[in-house]
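J.: Before we start, here is the structure in question, set down as C-alpha cells.
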2 protein chains.
Amino acid sequence: MSILNDRQRLVLALIIHDYVETAQPIGSQGLVERYKLEFSSATVRNVMVDLTDAGYLRQPHTSAGRVPTEEGYRYFVRQLMGQTELPANTRRTITHQFYQAGQDVNRWMRLAASVLAHQSQGASLVTAPHPEQARFQHLSLIATHGRQVLMVVVWSGGQVRQQILTLAEPVSQEMLNTATDHLNRTCQGLDADGLAALGGQFDALEQDILRLVGEEMLRMQRPVSGEVFRDGLTNVLAEPEFAESDSARKALRLLEERPLLEDLLSRTVLHSSMDDVQVLIGGEGTWEELRDCSIVLARYGAPGLMTGALGVLGPTRMSYGRTVSAVRFVSGMLSDLVIEMMADE
Amino acid sequence: MSILNDRQRLVLALIIHDYVETAQPIGSQGLVERYKLEFSSATVRNVMVDLTDAGYLRQPHTSAGRVPTEEGYRYFVRQLMGQTELPANTRRTITHQFYQAGQDVNRWMRLAASVLAHQSQGASLVTAPHPEQARFQHLSLIATHGRQVLMVVVWSGGQVRQQILTLAEPVSQEMLNTATDHLNRTCQGLDADGLAALGGQFDALEQDILRLVGEEMLRMQRPVSGEVFRDGLTNVLAEPEFAESDSARKALRLLEERPLLEDLLSRTVLHSSMDDVQVLIGGEGTWEELRDCSIVLARYGAPGLMTGALGVLGPTRMSYGRTVSAVRFVSGMLSDLVIEMMADE
DNA sequence: ATTTAGCACTCTCGATATGAGAGTGCTAAA
DNA sequence: TTTAGCACTCTCATATCGAGAGTGCTAAAT
C-alpha cells in the first residue's frame, strides 16, 4: 500500500464521497467546481493518475471519470474515514426504543435488524445471542397425552427451549414433578462437563432426561444455532447497480441460505473481538457472490458467555461511515443489553 | 363472464400455458405449429379476437401476439385448470421430510416455507399456528436475580412463551414454587373467560401473575402474532418481468413488512375455510403493490383451535397448477400435523 | 519543481434512421 | 364457417452521428 500525501488523500476521499452519492464516475472539473478546490482540474488530473497507478481508482473506460477500486475503498475505510458516530438524537431515539422493548430478546433482535436496515439503507441480519458456555438453570416436564411429555428447559442466559418427548411408557405428572424437582436442585448452574460428571445418583427416567438436556445443550452452542433476523432486503434492490437484479439475487441468496451464512460468519466475525467492526469489501476474493457488495460485520454480547453477530449487506458503493457507525452503535447497544441481562441472572 | 366454447377454451388454455413458460406474447402461427392444431392460424386469430373482446386476452401493441389479462388468468384458474396434484414421489419425499421433523413446530414452519418456495419457484410465507382459543396448561416461575423472575407459560397447544417480570419486592424460589403449584392445579385448561371468572381464591402474587398470563393470552390470539417464516424471496427476482426490479421491490416489501402482511391476511384467508386455496390475481384492485403479482393462499390447522396461514407470491404469469397443488398439499400436511398434535394433548 | 492553461483525442450516450421479422386484421374464396 | 392471401403495423436489433464530458499531454507560468 502506497503512502499518500495530503492532497492525494483529500482527492480520494472526495471522489469516494461523491461516487457513493451519485453512482457516476467522477471527473476532475466537477470535483474542483463542487468543492471550490484551490488547485486546478489539471492538478486534480495529475493526482488522479497517481491514485490510479496506486490501484485506488480506475476508469470504466478511457476518458470517463474515475471510480474507486476495492482497494480504494479499503484505504478509505482504514485510513481516511475516521471514527464517525450516529447523530446524538438518532442515538437517543434508538436507545429509547431498545429501552421500551424491555427484556424481550426477540424484540431486541427485530429492532436491531430494523435499525440497521434503516440507518444503513442496506440489508441487515442479526443472529440471536447464543451461549458460548451454556449452563443449566431450570427444567419443566409437562405430561400431555399418553407417553408424550413436553420438556421445557431454561438456560442460565434466560433462553427457553422446548421439545416434545415420547417416553417408553406412560408416566404420571406426579412422577415428572419429582424428577424435575430432583434435577432442578442437583443440576443448577452446571455446564456440559458438569452434567456429564454427575454419577449414578439418578433413576432411569432422570438419566434419560439428562441425556436429552445434554444433547440440547450441544445444539444450542453451535454458532448460528437460533433464528436469524433479517430486514431491509428490499433496500438493496433499490440501488442502481442492482437494477439488473442478477448480482442482487446472488447476494441476497447469501443472506437467505443458512449454510452460506454460517460459512460467512464462521470465517470472519467469530474470530474477532467484541464490538470490533469488520468491513468486507467486494467479497475479499473469497465470496464470488459478493463481487459488487460489501458487508459490515460485528460480534456482540458478553465475551465467553453469550454472543451473537450482526451485519449489514450493501453495494460496494455504500456509505461506510454511516453503516460502520450504525453497526458499531447497535452492536454496543446489544452488548450492553446482553451483559446487563447476564448480570441479572 | 362470457361462456366460451370448447375451441375458445382450448386456445385460452394453450396461450396461458405457453405464456407462462416463455413470458413472450403468443402468436397464432406458433400456436398452430407447436400443437399441430387441426384448424388454421386464421381460425386461431378469429378465436383470439373473441377472447380479446371477452376481456381474457390483450395485445401489448397492435400486431403483437396475445397475452392473458388478469381476467384471463381468473377464468383459467376457475374453469380450466382442474384439480392437479404434485407428483406422487414428490409428495412422498415431502411427507417423509415432515415426518423426520418430529414434533418441532419451528422445523415444520421452515420446511413448509422451503417446500413451497421450491415447488412453486416463488416467494413463500408461512405464519406459525396460533390458538384461536388459547387454554392455559402450565406455568413455571424461575427466580433469577433480585426482583427479576422469568415466567414461562405453556399453552394447551404446546406453545411456550417466556417473559421476564420485575416484581415489587424480592420473592424466594420457594414462594414461587408454591404459587405455581397452586395456579397449575387451579387453572389447568381454562381459557380467557375461565381465568377472568376465577374469584379471590388467590393471594396478591398469584393475582399479579394471573393478570400477566391473561395479557399474554390476548397477545397470542392476534392473527399474525408469532413469527412469519419466509423463503425463496430471491426466486421472484429471477423472473424476467421483475428484471427492472422496481415492481419486484414493492411486492417483496409486502412480504417483508408485518403491517402490510397482517392487512393482506386478515382481509382474505382468515375468513376462508380450512385448506381452501385462494388465488389473488394482480392485487384484485386492492393492493397497488401487487400489480404484476399473484398470491396463492390457504389457511391451515385445526378449525376453532389452532390455525395459521401460508401462501406463495409469484408473478401473475406463474404456473397456477403447480403452485396451487403445492399450497394445497402443504396446507393439508400442516393441518394434519397440527390436528394430530392437538389430539395428543 | 509544481502547477496550470490549452488542446487534441477518446469514449459514451442519446437521438434518429433503417430493415428484418413477427403478427395481425381484413377480404374473398372454398 | 373456415381458410388462404396479403397489406399493414409495430417492435427490436443494428448502425450512424453529433454533442458532451473527460482525459492525457505539452508547453508556458509560477
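J.: Just checking, does region B:93-112 include any residue being on the phi > 0 side of the Ramachandran plot, more than 16 Å from DNA strand C (Cβ to nearest atom) and within 14 Å of chain A (Cβ to nearest Cβ)?
T.: For region B:93-112, residues on the phi > 0 side of the Ramachandran plot, more than 16 Å from DNA strand C (Cβ to nearest atom) and within 14 Å of chain A (Cβ to nearest Cβ): present.
J.: Taking region B:27-55 as the region of interest, how many residues are exposed (fewer than 12 other Cβ atoms within 10 Å of the Cβ) and of a type in the set (Gly, Ala, Ser)?
T.: Residues in region B:27-55 being exposed (fewer than 12 other Cβ atoms within 10 Å of the Cβ) and of a type in the set (Gly, Ala, Ser): 1 in total.
Table: residues versus (1) touching a strand residue (DSSP E or B) at 6+ places or on another chain (Cβ under 7 Å); (2) touching a residue at least 40 places away in the same chain (Cβ under 8 Å); (3) within 17 Å of B:ALA123 (Cβ to Cβ).
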position	(1), (2), (3)
B:ARG219	no, no, no
B:TRP287	no, no, yes
B:ARG291	no, yes, yes
B:ALA302	no, yes, no
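J.: Among the residues of region A:27-73, which ones are closer than 20 Å to A:MET318 by Cβ and within 10 Å of DNA strand C (Cβ to nearest atom)?
T.: Within region A:27-73, A:PRO60 is the sole residue that qualifies.
J.: Further, regarding this structure: Is it true that B:GLN103 is within 34 Å of the chain's Cα centre (by Cα), assigned by TED's automatic domain parsing to the domain that holds B:GLY321 and in a helix (DSSP H, G or I)?
T.: So B:GLN103 fails the test.
J.: Looking only at residues in region A:56-79 that are among the aliphatic types (A, V, I, L, M) and more than 24 Å from the chain's Cα centre (by Cα), which one is surrounded by the fewest Cβ atoms within 10 Å (Cβ to Cβ)?
T.: It comes out as A:ALA64.
J.: Here is a list: B:VAL126, B:VAL49. Which entry is out of contact with any His (no Cβ under 6 Å at 6 or more places or on another chain), assigned to a strand (DSSP E or B) and either on the phi > 0 side of the Ramachandran plot or aliphatic (A, V, I, L, M) (or both)?
T.: Just a single option satisfies the conditions, and that option is B:VAL126.
J.: While we're here: Being within 16 Å of DNA strand D (Cβ to nearest atom) and part of a helix (DSSP H, G or I) is the filter here; which residues of region A:52-82 pass it?
T.: Matches in region A:52-82: A:THR52, A:ASP53, A:GLY72.
J.: Does region A:39-48 contain at least one residue that is within 14 Å of DNA strand D (Cβ to nearest atom), outside the structural domain of A:LEU290 (by TED's automatic domain parsing), in contact with a strand residue (DSSP E or B) (Cβ under 9 Å, 6 or more places away or on another chain) and more than 30 Å from A:ALA343 (Cβ to Cβ)?
T.: yes
J.: Could you say whether any residue in region B:14-23 is within 10 Å of DNA strand C (Cβ to nearest atom), over 37 Å from the mean Cα position of the chain (by Cα) and not in a loop (DSSP other than H, G, I, E, B)?
T.: Scanning region B:14-23, I find no residue that is within 10 Å of DNA strand C (Cβ to nearest atom), over 37 Å from the mean Cα position of the chain (by Cα) and not in a loop (DSSP other than H, G, I, E, B), so the answer is no.
J.: Please list, ordered by first then second residue, the pairs with beta carbon atoms under 9 Å, 6 or more apart or interchain, first in region A:14-40 and away from chain B (no Cβ under 14 Å) and of a type in the set (Phe, Trp, Tyr), second outside any loop (DSSP other than H, G, I, E, B) and within 11 Å of DNA strand C (Cβ to nearest atom).
T.: Filtered contacts from region A:14-40: A:PHE39/A:ARG7; A:PHE39/A:VAL32; A:PHE39/A:VAL47.
J.: So, one more: Mind checking which residues of region B:306-322 are more than 14 Å from chain A (Cβ to nearest Cβ) and within 12 Å of the chain's Cα centre (by Cα)?
T.: Correct list: B:THR307, B:GLY308, B:ALA309, B:LEU310, B:GLY311, B:VAL312.
J.: Which of the residues that make up region A:129-139 are assigned to a loop (DSSP other than H, G, I, E, B), crowded, with 23+ Cβ neighbours inside 10 Å and out of contact with any Phe, Trp or Tyr (no Cβ under 7 Å at 6 or more places or on another chain)?
T.: Within region A:129-139, A:PRO129 is the sole residue that qualifies.
J.: Suppose we filter B:ILE3, B:ILE15 for residues that are within 22 Å of B:MET81 (Cα to Cα) and open to solvent by less than 70 Å² (accessible area, probe 1.4 Å); which single one remains?
T.: After applying the criteria, what remains is B:ILE15.
The values are calculated or read from the model by the stated rules, or taken from the named source; none is laboratory data. Bear in mind that the values here come from a model prediction, so they are computed numbers and not experimental data. Quick reminder, even Gly has a Cβ in these numbers, built from the backbone with ideal geometry, and neighbours come from all protein chains shown. These accessible areas exclude ligands, DNA and RNA; they are computed on the full protein's heavy atoms, side chains included. Shrake-Rupley method; radii C 1.70, N 1.55, O 1.52, S 1.80 Å.
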